[in-house]
Every structure is written in structure tokens, then in C-alpha cells.
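See structure below.
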Amino acid sequence: MVNTETQSLLSELAARLDATAERPMRPEVTHWVAEADAVASDVADADADLPVDVVRTRVGHVRELLSHVEETGDEEADEHVTAAKTLADEVLDRLD
């Protein structure tokens, strides 16, 4: 189970990636961001009793997916992806 502060970071991570959904990104990165968005949303919306190791695994997967994205082709989407990478790193640091 994660604490309230970490849950807040998970919600912010999901919101950042969700904000990319309407942005005009390059086709070759869209699937990476969309998959990261889906996983982040699932973990943010999960039961508060989700085990820490499950959260760590899922956020690690989000971070891995986003590692394939250098540039989206859209400045606003780039900002959201960069912020999402930082948030994922922060969550993982808190869970270690």
C-alpha cells in the first residue's frame, strides 16, 4: 500500500500522460506514450491497497515505455512526457 503523497504523485503522473492524448505526436512515438498512459492510469485508479511491489513494477514499466520517447513532435506533449518521466522516477525513488 502506498502513502497518500505517493498516490498523489501517481495521479499526477497519469494526468500528465492523459494530457498527451489530444496532442499531435509523431506516429512512431504515439504507441509508447499511449501504453504508458494506460498503465499509469490503471495504477493511479487502482485500489489503495495495491501492494507496493505491484506499484513499483507498473511504474517501472511506465518509465521503460517512456524511455523510448526522446521527442514527440509536439512541444506541449514533450513537456508532459518530460514531467511524466520525472514523476515516475520520483515514485520509484520513494518506493525503494
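The values are calculated or read from the model by the stated rules, or taken from the named source; none is laboratory data. Please read all numbers here as calculations on a predicted model, not as lab measurements. Glycine also receives a Cβ, built like all others from the backbone with ideal geometry; neighbour counts cover every protein chain displayed. Accessible surface areas use protein heavy atoms only, side chains included; no ligands, DNA or RNA. Shrake-Rupley method; radii C 1.70, N 1.55, O 1.52, S 1.80 Å.
With every protein chain present, what is the per residue accessible area of the chain (1.4 Å probe, Å²)?
55
If the chain between Met1 and Glu90 were fully stretched, how many nm would it gain, using 0.36 nm times the residue separation less the Cα-Cα distance?
30.4 nm
Can you order the peptides 76-84, 52-60 by their average number of other Cβ atoms within 10 Å per residue, highest first?
Descending packing order for the listed peptides: 76-84, 52-60.
Going 7 Å from the Cα of Arg26 in the Cα-to-Cβ direction, what parts of the range 56-77 have a backbone nitrogen less than 20 Å from that spot?
Hits in the range 56-77 for Arg26 at 20 Å: 63-77.
Note down, for the chain, the three equivalent ellipsoid semi-axes (square root of 5 times each alpha carbon gyration tensor eigenvalue), biggest first, whole angstrom.
That gives 23, 11, 11 Å for the three semi-axes.
Taking θ = phi - 60°, what integer Hz values does the Karplus form 6.51 cos²θ - 1.76 cosθ + 1.60 yield along the range 5-14, in sequence order, with x for Gly and Pro?
5, 5, 4, 5, 5, 5, 5, 5, 4, 4
Give the peptides 20-27, 39-46 in descending order of average Cβ contacts within 10 Å, highest first.
The peptides rank, most packed first, as 39-46, 20-27.
Evaluate the relative contact order of the range 34-92 (contact order divided by residue number), counting alpha-carbon pairs under 8 angstrom at least 6 apart; express in whole percent.
So the answer I get is 40 percent.
Using a basic spin-label model with each label point 7 Å from the Cα along Cα→Cβ, how many nm lie between Glu70 and Ser11?
It is 3.6 nm.
Rank these residues by their accessible area, most exposed first, probe 1.4 Å: Leu17, Leu95.
Leu95, Leu17
For the chain, with all protein chains present and a 1.4 Å probe, just round the carbon and sulfur fraction of the accessible area to a whole percent.
Within the chain, the accessible surface is 47 percent carbon and sulfur.
Can you work out ³J(HN,Hα) from phi for every residue in the range 79-85, in order, using Karplus 6.51 cos²θ - 1.76 cosθ + 1.60 and θ = phi - 60°, giving whole Hz and x for Gly and Pro?
In residue order, the calculated couplings are 4, 5, 5, 4, 5, 5, 4 Hz.
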